[in-house]
1. Could you look through the stretch 179-200, keep only residues that are crowded, with 16+ Cβ neighbours inside 10 Å and touching a Pro at 6+ places or on another chain (Cβ under 7 Å), and pick out the one that is farthest from residue 136 (Cα to Cα)?
2. I'm told residue 187 meets every condition in (1) more than 30 Å from residue 71 (Cβ to Cβ); (2) touching a Lys or Arg at 6+ places or on another chain (Cβ under 6 Å) except one. Can you identify the failing condition by its number?
3. Please tell me if residue 206 is buried (at least 19 other Cβ atoms within 10 Å of the Cβ), of a type outside the set (Phe, Trp, Tyr), under 15 Å from residue 180 (Cβ atoms) and in contact (Cβ under 8 Å) with a residue 12 or more places away in the chain.
4. Are any residues in the stretch 206-250 over 17 Å from residue 151 (Cβ atoms), touching a helix residue (DSSP H, G or I) at 6+ places or on another chain (Cβ under 9 Å) and of a type in the set (A, V, I, L, M), and if so, which ones?
5. Please pick out the residue among 164, 138, 129 that is hydrophobic (A, V, I, L, M, F, W, C) and within 12 Å of residue 236 (Cβ to Cβ).
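The values are calculated or read from the model by the stated rules, or taken from the named source; none is laboratory data. Treat the numbers as computed from the prediction; the structure is a model and nothing was measured. Cβ atoms come from the backbone with ideal geometry, glycine included; neighbour counts cover every protein chain shown.
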Amino acid sequence: MRERIPVVVQGRRTRRSRAARVLWTGAELAVTLGAVLLLLVVHQLWWTNRQAQHAAQDQVGRLERQWDARPPAPGPAPTPRDDGPGARTAPGGAPPSGPPAHRTGSRTTTPPEDLAYAVLRIPRIGLAAPIAQGVGKAAVLNRGYVGHYPHSAQPGRTGNAALAGHRNTHGEPFRRLDRLRPGDTVLVDTAEARYTYAVRRTLPRTTPGDGTVLAAVPYSSVHPAYRFTAPGAYLTLTTCTPEYTSTYRLVVWAVLRSTQSR
């Protein structure tokens, strides 16, 4: 009787083991990629906010200490009493006035690019953020600052002082801008004065190209019902909408109500 020798077929098992290794490797790569993406999301949505918010608050504190420490502005020069031929008078008999002194944040000068020179405060949403000249992302907005559009009026002046800020990430100072209502107070502090604005109107959504919302007398070319018709001292706040997108723009308009010198 012949003895049968068992034959082991390994080809099929080898193919199965290779497929299992490929699936296991793919699963490991997917888990690793998911973890990396999660860390990126955490960094973008949480860590950048934390960094920018702390840096912005530090800048607010530095500005306030700088303003508190500055010497008081000199009083007006005495009126000359000599009305003789050598007296220098301006038309109408008033004494001549010299050029205004330069200070950062002055209404008579343009602040240097990317420099924080004012503080925006909105009590309804608990905001206190530095205002810097320019709207560049790296130099201004990503630092948690509010950016001043360079070609718009300075706060407190006649015209339209236009500001931009992130709604999400990098400090997101305008996260809750949509909560503002007509009559809400918006404050802008500079080295010279506090300017108090009152919210007048909100444009919930418009296109990024609707540049007339920043005009000296602002209006929307996309939504004609949203318009002002008379010159004044306006403040325009702009940010992206909906949240976590940059598809549209949210616009809030306010008008100057009072000025309080420091």
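1. Residues of the stretch 179-200 that are crowded, with 16+ Cβ neighbours inside 10 Å, as a first pass: 180, 184, 186-197, 199-200.
Retained after the next criterion (residues that are touching a Pro at 6+ places or on another chain (Cβ under 7 Å)): 188, 190, 195, 199-200.
Working: 188: 20, 190: 21, 195: 25, 199: 26, 200: 27 Å.
Ranking the qualifying residues of the stretch 179-200, first place goes to 200.
2. Tallying (1) more than 30 Å from residue 71 (Cβ to Cβ); (2) touching a Lys or Arg at 6+ places or on another chain (Cβ under 6 Å), residue 187 fails exactly one: (1).
3. no
4. Within the stretch 206-250, 222, 250 meet the criteria.
5. 164
Condition check ((1) modelled with pLDDT under 55; (2) surrounded by 12 or more Cβ atoms within 10 Å (Cβ to Cβ); (3) of a type in the set (Lys, Arg)) across all residues:
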{"position": "76", "(1), (2), (3)": "no, no, no"}
{"position": "81", "(1), (2), (3)": "yes, no, yes"}
{"position": "90", "(1), (2), (3)": "yes, no, no"}
{"position": "110", "(1), (2), (3)": "no, no, no"}
{"position": "122", "(1), (2), (3)": "no, yes, no"}
{"position": "135", "(1), (2), (3)": "no, yes, no"}
{"position": "147", "(1), (2), (3)": "no, yes, no"}
{"position": "156", "(1), (2), (3)": "no, yes, no"}
